[in-house]
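Report on one structure; see the data block that follows.
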Amino acid sequence: MELPRRNRGDELLPPGELNALRKRLRTTAARHDLATVIACAFDHRTRMLPFIYADTRMAPAGVRAIGAAMADAGFTKTRIVLQQWNRNFNPARMRLDGRVPDLFMVSTMGMHSDCALALIRDARQIDAAHRPLIIAGGSHAVYEPFRLFADERSSRHGPDVVVTGEEFVFLSLLEVILSFRGKGESMRSAFFRARDGGALDEIPGLIYPRGPRIESDGIADELVDTGVQRLLGDLDELPHPVLGYQLLEPPSRGEALSPAAIEPGRVHRHTPIGSLVMTFGCKFACPYCPIPAYNQRQHRLKSPQRIADEMWQLNKAYGLRYFFGTDDNFFNTKSRTLEVVETLASAEFDGGVPLRKKVRWSTEVTVHDTLVLKEHLPLVRRAGCRALWLGVEDMTATLVKKGQSVDKTTEAFRALRGAGICPMPMMMHHDSQPLYSRGGSAYGLLNQIRLLRKAGAVSLQVLMMTPSPGTKLYAETYEKGLVLGRAGGREVRPYMHDGNYVIASSHARPWRKQLNMLVGYLYFYNPIALVGTLLERKSKVGIKPAGMQLVGMMGLIQTIRRTAGWALRLMFQRIERHTQPPVSPIPIRGIGGAPATHAPPVLVSLSIPSRTHRETSLPVA
Ligand code: B12
Ligand code: SF4
């Protein structure tokens with residue numbers, strides 16, 4: 001089920017609303033000496049292709065954005081802890097400025113949610129008198145917030161509140177709590193008073209638990225959903241990302257926090273790639289993708305000048321040289337893209353130093369829009385772009401139709417290579433695609449990989465079609481009995497929802513799909529291909545393809561190590577399947593009798609997700 005759309009014309013915040021809120025908070029901050037820890041949940045079992053390097057060497061933008069919003073408002077006693085770098089961090093032992101923090105926040109994607117729930121459980125061990133207010137957010141909170149309360153391992157102990165939105169929602173919540181907070185009162189106590197006064201219900205984008213035992217032992221009887229957030233339209237109103245990087249906890253094996261954040265001069269060593277928000281949204285409407293609905297069908301933008309300034313400031317403050325745009329489809333609008341790349345190509349700072357000499361960037365686009373911008377690709381390169389990730393999915397458009405075809409993909413890849421930009425295809429393997437197809441057909445996985453390599457692909461991503469929460473296809477995939485719950489007694493946990501495991505399939509032999517992905521990677525990343533790329537190193541993309549081959553081969557070893565066991569279970573052991581999507585064991589309601597906007601597609605009282613499995617004889621694809 002997609003996130004519902006707000007009323008037409010009411011999707012976006014009025015211009016200036018976030019700026020005004022930031023200004024108001026700055027005047028309040030001096031009266032509240034807050035200490036805050038923001039943790040980014042990361043499940044190390046997800047470390048494999050195709051994200052093996054980017055997953056730990058790029059400090060995620062979500063936690064940095066929330067940290068930047070705190071620092072911008074004047075709450076500089078804030079620390080960002082990445083489980084990517086601090087896997088033993090234990091919130092029960094955290095001290096900042098010599099005390100237990102006032103706020104403990106957790107950001108998580110769906111596949112890292114086991115770790116997020118463990119962090120929340122640990123934080124709840126702090127005695128009630130000193131316990132921080134616990135807030136959860138991030139993409140898992142956006143699409144399936146109820147699961148943060150419905151975990152069978154946490155027996156209904158969740159965060160105090162979940163933010164299903166962005167900076168504006170979080171800062172509005174903070175403002176309301178601070179307006180209730182008495183001198184010396186804890187943030188938790190002020191939060192409960194704000195909740196009881198009905199003040200939270202005025203902020204769309206929250207889910208909070210209620211029940212007589214919430215304050216003492218955290219057990220929820222119901223969840224209250226305040227609705228779908230209003231989105232920020234003008235991204236120039238966001239706090240500057242330079243603020244977030246100064247809050248990063250240094251990597252360590254310890255459980256507690258270090259006395260200080262990473263020194264600015266060392267930031268680029270730990271996070272050599274900086275993720276950067278440039279645009280949000282995409283004009284397409286692929287049924288397996290939650291992005292258009294999340295963005296309320298809007299395309300949200302930062303001005304070209306602001307993007308240039310952010311790159312420059314981040315380079316100056318931290319030595320960051322490589323950026324990855326968090327765009328859903330950077331080329332979405334031609335005129336707008338041209339404005340950005342023209343500005344980046346010509347921007348100069350500090351009395352004439354060209355930005356393009358200092359920074360390089362990459363991002364995500366579509367094949368369709370790459371062709372629309374074909375003649376401008378040399379300008380895109382002059383603007384500093386060196387690689388573009390493209391959702392090729394299935395080149396023959398059998399699985400997904402968004403205007404791609406073998407010829408168009410080949411044309412787009414050749415044009416990119418011709419301009420000196422690395423094309424990085426993202427493919428989706430699916431039940432009806434064979435490993436190899438005969439007779440000149442381009443349908444098979446290996447046939448397509450071969451075509452992509454010939455067209456100039458520099459890296460490869462092959463993921464199995466996996467149901468994504470917040471999409472039209474999500475509930476249906478479960479209801480059709482395609483989603484696996486267990487194989488050979490091993491339960492499918494959230495970390496396996498990363499596209500690397502076959503966890504949704506109607507194929508008679510799903511293990512084949514698992515092995516197909518490995519064969520596909522092996523066909524692309526191997527020593528012979530490495531030699532080929534070295535021989536071609538004088539092309540416009542230089543030795544980048546050889547570098548990607550090395551990263552790919554290392555990542556492939558990890559991928560085989562992690563997923564081969566699952567293939568064997570699929571091959572030899574009994575498979576159990578889900579018959580319904582994840583449910584909320586806790587009832588969830590909207591405000592004033594309205595239906596909950598973030599409720600699960602099926603609401604079943606007091607059932608436990610892992611019991612929704614059934615054994616099947618497998619339907620044949
Ligand atoms: C960049 C990116 C990546 C990078 C991440 C690198 C990094 N370390 O940062 C890479 C390429 C590695 C990656 C990989 C994957 N990704 Co990805 N990725 C994105 C992308 C495009 C941008 C994320 C981002 O930085 N956004 C900008 C920041 C500012 O926004 P944000 O993270 O949403 O945070 C905001 C709010 O959520 C909120 N918030 C966030 N945290 C918190 C915490 C608190 C306490 C509060 C109050 C608020 C809050 O405030 C923030 C500011 O507005 C998103 C799509 C999107 N447009 O968001 C997908 C997305 C996050 N990825 C997704 C997925 C599924 C994956 C993969 C599994 C691959 C796949 N199968 O598609 C892998 C997982 C790899 C791994 N081991 O983690 C999904 C997650 C879905 C889910 N339910 O969680 C998303 C949402 C795309 C989608 N399908 O919709 N990804
Ligand atoms: S083109 Fe990509 S971002 Fe756009 S809707 Fe399709 S999958 Fe989502």
Discussion item. I need the helices (runs of 4 or more DSSP H) fully contained in the stretch 232-330, keeping only those with at least 2 residues that are within 24 Å of G74 (Cα to Cα), more than 21 Å from the chain's Cα centre (by Cα) and at pLDDT 95 or above.
Written reply: 304-318
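Kindly evaluate L276 against the criterion of being more than 10 Å from ligand 1 (Cβ to nearest atom) and either of a type in the set (A, V, I, L, M, F, W, C) or in contact (Cβ under 8 Å) with a residue 60 or more places away in the chain (or both).
Values: more than 10 Å from ligand 1 (Cβ to nearest atom): no; either of a type in the set (A, V, I, L, M, F, W, C) or in contact (Cβ under 8 Å) with a residue 60 or more places away in the chain (or both): yes.
No: the conditions fail for L276.
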Worksheet entry | Filtered residue count, the stretch 419-446, keeping only those that are surrounded by 21 or more Cβ atoms within 10 Å (Cβ to Cβ) and polar (S, T, N, Q) | 1
Worksheet item: How do the pairs read when you match residues in the stretch 182-195 that are free of Cβ contacts under 8 Å to residues at least 12 places away in the same chain with residues anywhere that are part of a helix (DSSP H, G or I) and not polar (S, T, N, Q), using Cβ under 6 Å and keeping only pairs 6 or more apart or on different chains?
Response: none
Fill in: Residues of the stretch 354-368 that turn out to be of a type outside the set (S, T, Y) and within 16 Å of ligand 1 (Cβ to nearest atom), as a count
3
Practice prompt. Search the stretch 127-150 for residues that are more than 16 Å from I291 (Cβ to Cβ) and pair each with any residue that is basic (K, R) and in a helix (DSSP H, G or I) when their beta-carbon atoms are under 8 Å apart and the residues are at least 6 apart or on different chains.
Written response: R131/R188; P132/R188; L133/R188
Discussion item. Looking for something away from ligand 1 (no atom under 15 Å from the Cβ), polar (S, T, N, Q), buried (at least 17 other Cβ atoms within 10 Å of the Cβ) and free of Cβ contacts under 8 Å to residues at least 60 places away in the same chain - is there at least one such residue anywhere in the stretch 515-537?
Written reply: yes
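Tell me which residues, restricted to the stretch 175-230, are among the aromatic types (F, W, Y) and closer than 25 Å to A20 by Cα. Let's see the steps before the verdict.
Step one: filter the stretch 175-230 for residues among the aromatic types (F, W, Y), giving 180, 191-192, 208.
Within the stretch 175-230, F180, F191 meet the criteria.
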Practice prompt. Return a yes/no flag: does the stretch 331-353 have any residue that is part of a loop (DSSP other than H, G, I, E, B), farther than 30 Å from H507 by Cα, at pLDDT below 95 and among the small types (G, A, S).
Written response: yes
Worksheet item: If you go through the stretch 1-50 one residue at a time, how many are without any contact (Cβ under 8 Å) to a residue 24 or more places away in the chain and either crowded, with 16+ Cβ neighbours inside 10 Å or among the aliphatic types (A, V, I, L, M) (or both)?
Response: 1
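Condition check ((1) of a type in the set (S, T, N, Q); (2) at pLDDT 95 or above) across all residues:
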residue: N90; (1), (2): yes, yes
residue: L103; (1), (2): no, yes
residue: D151; (1), (2): no, no
residue: R156; (1), (2): no, no
Item to complete: Among what's in the stretch 20-65 and is of a type in the set (K, R) and more than 7 Å from ligand 1 (Cβ to nearest atom), pick the residue that is farthest from the chain's Cα centre (by Cα).
Response: R31
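Residue-by-condition table, conditions (1) more than 16 Å from ligand 1 (Cβ to nearest atom); (2) buried (at least 21 other Cβ atoms within 10 Å of the Cβ):
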| position | (1), (2) |
| --- | --- |
| K472 | no, no |
| A475 | no, no |
| R490 | yes, no |
| M496 | no, yes |
| I503 | no, yes |
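Does L148 meet the test of being more than 16 Å from ligand 2 (Cβ to nearest atom) and within 18 Å of A116 (Cβ to Cβ)? Step through it out loud before you land on a result.
On the way: more than 16 Å from ligand 2 (Cβ to nearest atom): yes; within 18 Å of A116 (Cβ to Cβ): yes.
So L148 fits the description; yes.
Let's see how each residue does on (1) surrounded by 23 or more Cβ atoms within 10 Å (Cβ to Cβ); (2) within 16 Å of ligand 2 (Cβ to nearest atom); (3) more than 17 Å from C385 (Cα to Cα):
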site: R300; (1), (2), (3): no, yes, yes
site: Q305; (1), (2), (3): no, no, no
site: W312; (1), (2), (3): no, no, no
site: K316; (1), (2), (3): no, no, yes
site: F323; (1), (2), (3): yes, no, no
site: N329; (1), (2), (3): yes, yes, no
site: N332; (1), (2), (3): no, yes, no
site: S335; (1), (2), (3): no, no, yes
site: E339; (1), (2), (3): no, no, no
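Can you give me the number of residues within the stretch 40-82 that are of a type in the set (S, T, N, Q) and either within 16 Å of ligand 2 (Cβ to nearest atom) or not in a helix (DSSP H, G or I) (or both)?
We begin by selecting, within the stretch 40-82, every residue of a type in the set (S, T, N, Q); these are 46, 56, 76, 78.
Checking which are either within 16 Å of ligand 2 (Cβ to nearest atom) or not in a helix (DSSP H, G or I) (or both) leaves us with 76, 78.
Residues in the stretch 40-82 being of a type in the set (S, T, N, Q) and either within 16 Å of ligand 2 (Cβ to nearest atom) or not in a helix (DSSP H, G or I) (or both): 2 in total.
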Worksheet item: Does the stretch 106-117 include one or more residues that are touching a residue at least 60 places away in the same chain (Cβ under 8 Å), in contact with a Cys (Cβ under 9 Å, 6 or more places away or on another chain) and polar (S, T, N, Q)?
Response: yes
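The values are calculated or read from the model by the stated rules, or taken from the named source; none is laboratory data. Keep in mind that this is a model prediction, so the values were computed, not measured. Glycine also receives a Cβ, built like all others from the backbone with ideal geometry; neighbour counts cover every protein chain displayed.
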